[in-house]
Amino acid sequence: MALQQTLVLCKPDAVSRGLVGEIVRRLEARGYLIVAMKLMQLDGERARKHYGEHAGKPFFNGLVEFITSGPLVALAVEGEDVVEGVRQMMGATNPLQAAPGTIRADFAQQIGRNLVHGSDSADSARRELDIFFEAKEFVSRKHDLNRWLVE
Ligand code: IDP
Ligand code: MG
């Protein structure tokens, strides 16, 4: 077990569809702590940096266009093994392959409109959090609930 932070994005489809509250509710209900959060519109440069691993893929330009098309909500989320936990809560990239009960299966239909981003490793999380947040934007929170969450 490791105390980690991860980057979660409620993508422009989630914001436009009024699903930010539902996504935040699920993260909070699982016991993860939000340690930074903001509504913002991403510019192309930051979007290409964030999704750099996908540069050159057929969906890359559409992905950058979409993620910059409207406001998104970026969150830094903290908890024990939160990187894997958030990936599990999001479900598979393609909502048709995502398990029922995950955000993507419950609320999305297509891979290019799958509502959420979550970092895929602790290293990715650090890199991505740096793109979205400055150090001073993080708050430090006590994990009082861990008494009930962690053995
Ligand atoms: P992830 O978001 O589950 O980590 P990645 O493979 O990192 O999935 O892809 C990043 C994002 O790019 C996906 O969430 C999805 O929105 C989009 N994407 C990935 N593959 C495709 C595709 O084949 N067609 C359209 N969009 C895609
Ligand atoms: Mg990814």
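Of the residues Val82, Val86, which is under 12 Å from the mean Cα position of the chain (by Cα), within 11 Å of ligand 1 (Cβ to nearest atom), surrounded by 15 or more Cβ atoms within 10 Å (Cβ to Cβ) and farther than 14 Å from Pro12 by Cβ? Give the derivation first.
Working: Val82 fails: within 11 Å of ligand 1 (Cβ to nearest atom).
Being under 12 Å from the mean Cα position of the chain (by Cα), within 11 Å of ligand 1 (Cβ to nearest atom), surrounded by 15 or more Cβ atoms within 10 Å (Cβ to Cβ) and farther than 14 Å from Pro12 by Cβ holds for just one of Val82, Val86, which is Val86.
The one condition from (1) among the charged types (D, E, K, R); (2) over 23 Å from Ala122 (Cβ atoms); (3) within 16 Å of ligand 1 (Cβ to nearest atom); (4) assigned to a helix (DSSP H, G or I) that Lys57 does not meet is (4). Taking the range 24-54 as the range and being closer than 22 Å to Asn146 by Cβ and either in contact with a Leu (Cβ under 8 Å, 6 or more places away or on another chain) or in contact (Cβ under 8 Å) with a residue 12 or more places away in the chain (or both) as the test, the residues that pass are Val24, Arg26, Leu27, Arg30, Gly31, Tyr32, Leu33, Ile34, Val35, Ala36, Met37.
Sort through Ala92, Ala36, Ala47 and tell me the only one that's more than 14 Å from ligand 2 (Cβ to nearest atom), on the phi < 0 side of the Ramachandran plot and not basic (Lys, Arg). Spell out how you get there, then give the answer.
Working: Ala92 fails: more than 14 Å from ligand 2 (Cβ to nearest atom); Ala47 fails: more than 14 Å from ligand 2 (Cβ to nearest atom).
Testing whether each residue is more than 14 Å from ligand 2 (Cβ to nearest atom), on the phi < 0 side of the Ramachandran plot and not basic (Lys, Arg) leaves just Ala36.
Might you let me know whether the range 130-146 holds any residue that is within 14 Å of ligand 2 (Cβ to nearest atom), at pLDDT 95 or above and assigned to a helix (DSSP H, G or I)? For the range 130-146, residues within 14 Å of ligand 2 (Cβ to nearest atom), at pLDDT 95 or above and assigned to a helix (DSSP H, G or I): present. Only a single item in (1) within 15 Å of ligand 2 (Cβ to nearest atom); (2) small (Gly, Ala, Ser); (3) assigned to a loop (DSSP other than H, G, I, E, B) is not met by Gly70, and it is number (1).
Every residue in the range 115-151 that is of a type in the set (D, E, K, R) and surrounded by 12 or more Cβ atoms within 10 Å (Cβ to Cβ), please. Selection gives Asp120, Arg126, Arg127, Glu128, Asp130, Glu137.
The values are calculated or read from the model by the stated rules, or taken from the named source; none is laboratory data. Small disclaimer: the values here were computed from a predicted structure and weren't measured. With ideal geometry, Cβ positions are generated from the backbone for all residues, glycine too; neighbour counts draw on all protein chains shown.
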